[in-house]
């Protein structure tokens with residue numbers, strides 16, 4: 001038969017054993033926290049190194065504010081809403097129509113305006129007449145045409 005004193009002794013752990021497990025748990029938590037801080041530090045260093053080597057797009061955004069000409073912004077919106085970008089790219093890749101990237105280096109604003117309102121007047125090499133609608137001269141206002149020319153010239 002078990003006495004009450006014997007039950008207490010078998011359930012309770014010696015003070016030294018409790019202390020050992022407690023210290024282990026505390027050191028484990030502390031070690032995990034140190035490992036997490038080191039990991040965060042290493043990741044931050046790798047990201048920083050990547051920014052140093054490849055450049056950071058966020059650096060330029062913070063250093064130099066982007067100034068957008070309202071006329072150019074309106075032209076960009078008009079190009080999208082009138083479907084121009086379905087045939088003309090802004091990244092140098094030719095499509096159904098020639099790219100707009102760098103166009104202003106070889107032609108002037110009047111050429112661009114004529115190409116919009118009378119697209120069959122001069123056909124770019126490698127392209128076919130009659131593909132681009134010839135209605136933009138009737139459907140776009142003078143202000144809209146100015147905005148489109150400004151946008152295309154800005155690329």
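Readers should treat all values here as calculations from the given coordinates under stated rules, not as data from a laboratory. In this text the structure is predicted, and so the values were computed from the model without any measurement. Positions of Cβ are generated from backbone atoms using ideal geometry, with glycine treated the same way; all protein chains shown enter the neighbour counts.
With neighbours defined as other Cβ atoms within 10 Å of a residue's Cβ, the residues 123, 152, 116 order from fewest to most as 123, 116, 152.
The Rg/Rh ratio for segment 101-153 is 0.95, where Rg is the radius of gyration of the alpha carbons and Rh is the Kirkwood radius. Estimated from the Cβ-Cβ distance and a Förster radius of 41 angstrom, the FRET efficiency linking residue 87 and residue 67 is about 0.90.
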